[in-house]
Structures are given as structure tokens and as C-alpha cells.
Amino acid sequence: METWSVDQVCSWLVEKNLAELVPRFQEEEISGAALLALNDRMVQQLVKKIGHQAVLMDLIEKYKQNSQALKPPGCPGETAPRTQAEAALEVEQSCGPASHGAQMPSFHPAENLDKGLIDQRVLKQFLWKRALKDRFKYVRRPIEDDEQVLRNKSKFGHRRGQTRKTLADTRFDEIQTVQIKEESVCLDSEVEEHINWFQQEYVKAEKNWTEIDERMSQTLEIRRKMIGSRTPPKDVLQMFPFLRCPYQMFREFQLLTRTDIYKKTRYILESYAENVLTAFPAVDNPITIALREAVRQCTDEDTLKYLKMTATCLLLPHVFGNDPSLFVIVNEKVQVSTPVLAVKNPFDINVREFSLYLDKEELTKVDDCVTALAALVAAFHVFGVECPRRLSHTLNFLETLIFDTHSPYFSSLKEKEKEGGFPLIT
């Protein structure tokens with residue numbers, strides 16, 4: 001394993017049912033040597049799911065144990081632990097009191113290690129103490145620069161007994177900007193100039209989209225730092241209001257993933273419409289019934305195609321057994337904080353309305369299902385929102401097709417189509 005390349009490591013992950021980790025390992029260029037050098041903290045940063053972390057660490061540990069057992073007694077690898085143990089014993093003896101050495105039996109490394117007289121538990125305790133000392137040998141940052149201290153100053157005041165400075169006479173927009181600056185992201189004068197320009201340009205009737213694109217690209221790094229430090233989305237939108245526009249959201253998604261999400265989403269709805277509409281959970285669904293009534297009154301081929309794409313978008317969570325209220329809400333009030341679509345009159349071409357909500361507030365409003373679904377998926381990535389567990393199958397299906405990876409979720413639909421022979425909607 002020490003000589004494995006990155007591709008060999010990825011093949012090994014697939015064999016161990018850890019195929020979801022392959023993109024991340026390829027991105028970080030984890031070779032065989034790097035794999036064996038991973039520790040618990042590295043694995044936590046590399047792998048998101050706790051179950052995958054446990055399985056990966058267990059596989060690495062088992063390989064190390066097997067490789068140790070296969071080594072012959074006289075190989076050089078056998079002497080390394082002894083050398084470490086000797087150093088640990090010498091440090092322990094030198095750090096202990098002088099009188100203590102007279103009462104304890106001799107622990108000379110050259111004699112006792114070769115004779116196997118040291119209790120393994122004592123040896124592990126010495127090694128653990130040495131590792132603990134090395135672990136905490138680092139230089140502390142000045143307390144004034146600590147992020148938690150800055151948050152506490154912003155929330156409770158600068159010293160115990162002092163009250164927080166009142167900002168009642170300050171505009172709401174300026175308050176939000178000050179709080180964001182005090183969080184963890186330092187804004188220089190150039191970034192502040194961009195933010196002020198965004199806020200002024202956003203309220204104009206005619207906007208300079210060329211300069212907007214250029215400035216949004218220049219401030220991409222600061223936005224990613226803010227979102228990575230868990231800055232609330234409403235604060236990010238306060239500073240960069242153009243993220244409310246679907247076009248800018250798609251452009252941000254493309255800068256992050258190099259993927260045209262609108263084009264991919266349209267392809268998904270067009271290609272999988274018949275499969276979704278004929279799946280068993282969708283046959284007697286109220287959305288399907290409403291689609292049939294709308295189809296009877298429709299004669300235009302393009303309109304019929306659009307109605308089927310709209311129904312496909314609304315039925316996805318039903319087909320995959322997820323909670324529809326976390327994905328799309330039809331003619332009801334939004335109750336969830338994660339990104340969700342609110343739809344009104346989906347099959348009425350004249351008055352239909354699709355709105356994207358984030359933190360129970362309307363983010364943007366569009367009039368077609370492709371833009372709405374693409375904006376929903378992009379919002380999870382752009383604003384760093386974790387996917388709800390009750391919506392995981394639906395979003396995993398969409399993301400596997402958007403990023404051109406293998407999807408294990410849709411095979412069941414094709415099997416049901418072959419077995420059940422559900423009638424097509426015409």
C-alpha cells in the first residue's frame with residue numbers, strides 16, 4: 001500500500017464500499033503513503049460522515065497490524081518501537097525525582113527491553129505521556145486575535161461589567177456590516193469599496209452587469225471565507241445582494257464546480273420526466289392528477305412538455321421517499337429554514353409562480369421550473385447549507401446527474417417500470 005498511486009487508492013476505496021470518498025481523495029491527491037500517514041484529525045477534515053470515518057480508520061489500522069505481523073523478527077522495522085520506548089523511559093527517569101530512582105527496580109533499556117521484563121501497560125503509559133507532551137508543544141495566539149474572544153466582545157461588551165455600546169442611531173445596514181467584520185473575516189478597504197458599490201448598484205433600475213460580474217469574481221474568496229466560518233446567509237446577502245439573482249447564483253456555482261447547473265437541470269427534467277411520472281409513488285399522487293387535468297386542456301406540444309417537467313420537479317421527493325415539505329411547498333406557507341421552493345398554481349401558465357426561500361425568507365422569484373430547481377440545488381452549495389437527512393436521496397440523485405457521477409438511486413425506478421408497466425401520461 002505504501003507504493004500505491006492516487007488511482008490505486010481510489011480503486012481500493014471502491015472495493016471497500018467507500019466510493020463516495022473518491023472525489024475528495026482525488027482532490028487532495030491521497031496516495032498510498034499519504035493514506036497510511038492519516039491521523040484522526042486529518043480523517044475528520046477529509047471525510048464528512050462519521051460512519052465513513054470509522055470504517056476508513058478501521059481499515060487503515062487493520063492493514064498496519066497485518067503488515068506488522070507479516071514482518072520477520074530480524075527486519076529493521078522491529079527496532080523502531082524499541083528505540084521510541086527507550087527514549088520515553090529515559091525522559092520519564094530524568095523527569096522523576098531523584099529519591100524515586102533508588103526505590104524502583106532498574107529499567108535500563110539495553111537489559112530490560114531485550115529480556116522482555118517491562119510490563120506492556122507501563123510502556124504504553126510512558127509512550128502516551130510522551131505523545132501528550134509533544135501534542136501540546138505549540139505557540140498560543142494572542143488572546144486578542146482569538147475568534148471566540150471577538151464574538152464575545154461583540155455580544156457582551158469588552159470587559160466584565162461594561163455594557164455593549166448602543167447603536168440605536170446607526171442605520172440597520174451599517175450595524176450588520178460591523179457585526180460581520182467583527183466575526184472572523186477581516187475586510188480591507190478594497191473589499192469595503194466593492195460592498196458599498198454592490199449595495200448602491202442593487203437598487204438601481206438599470207444595472208451594469210459586466211462590472212457586477214467582474215466585482216463578484218474579485219470578491220469570491222472573501223465570500224467563501226465568510227460562508228466557511230458559518231456567517232448567517234442573511235448577513236452574506238446583506239453585503240452581496242446580487243446573490244439573490246438566479247443568474248449570479250448559477251455563476252457562483254459554476255465558479256465553484258465548473259458546472260453549468262441550469263443546462264444540467266433542464267436535461268434531467270427532460271430526460272427523466274416519463275420515468276418519474278410513471279413510477280409507482282407518482283401514479284395516484286394529487287400532483288399527477290392535476291397534471292392530467294391540465295394536459296386535457298393543452299394542445300401545444302411545447303406547453304405539454306413544460307407541464308410534464310413541472311410535475312417531475314414537484315414529484316421527485318415523493319418518488320424517492322423523502323419529505324416533500326423540505327423540497328417544494330405547493331400553495332402553502334414556508335416553515336423550514338433550509339432552501340426550499342414555494343410554488344403557486346404550478347400548472348396555470350398565466351399565473352404560475354416559483355419562489356426560492358432561505359431561512360424562511362424569500363430569496364428570489366422566477367416563473368419556470370427549470371430555473372427554480374437549479375436555484376434550489378445551487379443554494380445548498382453557494383450558501384454552504386447541509387442537506388437535510390429527510391431529503392438526502394432526492395438531492396443525491398440530482399447531484400449525481402449534475403456532476404456526471406453514477407447514481408445508485410434511480411435504478412429502482414427503472415426496475416419498477418419494467419415490472420409494473422405503469423401507463424404513460426398523455
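The values are calculated or read from the model by the stated rules, or taken from the named source; none is laboratory data. Treat the numbers as computed from the prediction; the structure is a model and nothing was measured. Positions of Cβ are generated from backbone atoms using ideal geometry, with glycine treated the same way; all protein chains shown enter the neighbour counts.
Filter segment 12-35 for residues that are part of a helix (DSSP H, G or I) and of a type in the set (Gly, Ala, Ser) and give the result. Residues satisfying the conditions are 19, 32, 33, 34.
Would you confirm, using the coordinates I've provided, whether residue 87 is in a helix (DSSP H, G or I), aliphatic (A, V, I, L, M), more than 28 Å from residue 384 (Cα to Cα) and at pLDDT below 85? Don't jump to the end; show me each part of the working.
On the way: in a helix (DSSP H, G or I): yes; aliphatic (A, V, I, L, M): yes; more than 28 Å from residue 384 (Cα to Cα): yes; at pLDDT below 85: yes.
The answer is yes for residue 87.
Of all residues in segment 339-359, those satisfying the criterion of being assigned to a strand (DSSP E or B) and either free of Cβ contacts under 8 Å to residues at least 12 places away in the same chain or under 13 Å from residue 376 (Cβ atoms) (or both) are 340, 341, 342, 343, 354, 355, 356, 357, 358.
Is it the case that residue 55 is surrounded by 15 or more Cβ atoms within 10 Å (Cβ to Cβ) and either touching a Lys or Arg at 6+ places or on another chain (Cβ under 9 Å) or polar (S, T, N, Q) (or both)? If you could, list the steps in order and put the result at the bottom.
Values: surrounded by 15 or more Cβ atoms within 10 Å (Cβ to Cβ): yes; either touching a Lys or Arg at 6+ places or on another chain (Cβ under 9 Å) or polar (S, T, N, Q) (or both): yes.
For residue 55, the condition - surrounded by 15 or more Cβ atoms within 10 Å (Cβ to Cβ) and either touching a Lys or Arg at 6+ places or on another chain (Cβ under 9 Å) or polar (S, T, N, Q) (or both) - is met.
Scanning segment 209-239 for residues being within 15 Å of the chain's Cα centre (by Cα) and among the aliphatic types (A, V, I, L, M) gives a total of 2.
Condition check ((1) without any contact (Cβ under 8 Å) to a residue 40 or more places away in the chain; (2) within 26 Å of the chain's Cα centre (by Cα); (3) within 17 Å of residue 245 (Cα to Cα)) across all residues:
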position	(1), (2), (3)
284	yes, no, no
291	no, no, no
295	no, no, no
316	no, yes, no
323	no, yes, no
337	yes, yes, no
361	no, yes, yes
364	no, yes, yes
370	no, yes, yes
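Scanning for something out of contact with any helix residue (DSSP H, G or I) (no Cβ under 9 Å at 6 or more places or on another chain), over 17 Å from residue 397 (Cβ atoms) and buried (at least 19 other Cβ atoms within 10 Å of the Cβ), does segment 342-353 turn up at least one residue? Checked segment 342-353: at least one residue is out of contact with any helix residue (DSSP H, G or I) (no Cβ under 9 Å at 6 or more places or on another chain), over 17 Å from residue 397 (Cβ atoms) and buried (at least 19 other Cβ atoms within 10 Å of the Cβ).
Across segment 256-291, the qualifying residues are those that are in a loop (DSSP other than H, G, I, E, B) and polar (S, T, N, Q), and the one among them that is farthest from residue 315 (Cα to Cα) is 259. Just to check your reading of the model, which residue among 248, 200 is without any contact (Cβ under 8 Å) to a residue 40 or more places away in the chain and under 24 Å from residue 401 (Cβ atoms)? Being without any contact (Cβ under 8 Å) to a residue 40 or more places away in the chain and under 24 Å from residue 401 (Cβ atoms) holds for just one of 248, 200, which is 248. Criterion applied to 5, 31 was being among the polar types (S, T, N, Q), modelled with pLDDT of 85 or more and surrounded by fewer than 13 Cβ atoms within 10 Å (Cβ to Cβ), and the one residue passing it is 5. Across segment 17-28, the number of residues qualifying as exposed (fewer than 12 other Cβ atoms within 10 Å of the Cβ) and either under 15 Å from residue 55 (Cα atoms) or over 17 Å from the mean Cα position of the chain (by Cα) (or both) comes to 1. With respect to (1) within 33 Å of the chain's Cα centre (by Cα); (2) within 19 Å of residue 371 (Cα to Cα), the lone exception for residue 302 is condition (1). All conditions but one from (1) modelled with pLDDT under 90; (2) assigned to a loop (DSSP other than H, G, I, E, B) apply to residue 385; the one that does not is (1). Here 38, 59 are screened, and the one residue that is in a loop (DSSP other than H, G, I, E, B) and over 24 Å from residue 389 (Cβ atoms) is 38.
Every condition in (1) among the small types (Gly, Ala, Ser); (2) assigned to a helix (DSSP H, G or I); (3) under 26 Å from residue 289 (Cβ atoms) is met by residue 374 except one, and the failing one is (3). Just one residue in the set 347, 354, 380 is more than 18 Å from residue 249 (Cβ to Cβ), outside the structural domain of residue 222 (by TED's automatic domain parsing) and either of a type in the set (Phe, Trp, Tyr) or at pLDDT 90 or above (or both); that residue is 347. Do we have residue 379 as surrounded by 18 or more Cβ atoms within 10 Å (Cβ to Cβ) and not in a strand (DSSP E or B) here? Yes: the conditions hold for residue 379.
When you check residue 247 against the structure, is it farther than 20 Å from residue 355 by Cβ and either surrounded by fewer than 19 Cβ atoms within 10 Å (Cβ to Cβ) or in the same structural domain as residue 372 (by TED's automatic domain parsing) (or both), yes or no?
Working: farther than 20 Å from residue 355 by Cβ: no; either surrounded by fewer than 19 Cβ atoms within 10 Å (Cβ to Cβ) or in the same structural domain as residue 372 (by TED's automatic domain parsing) (or both): yes.
No.
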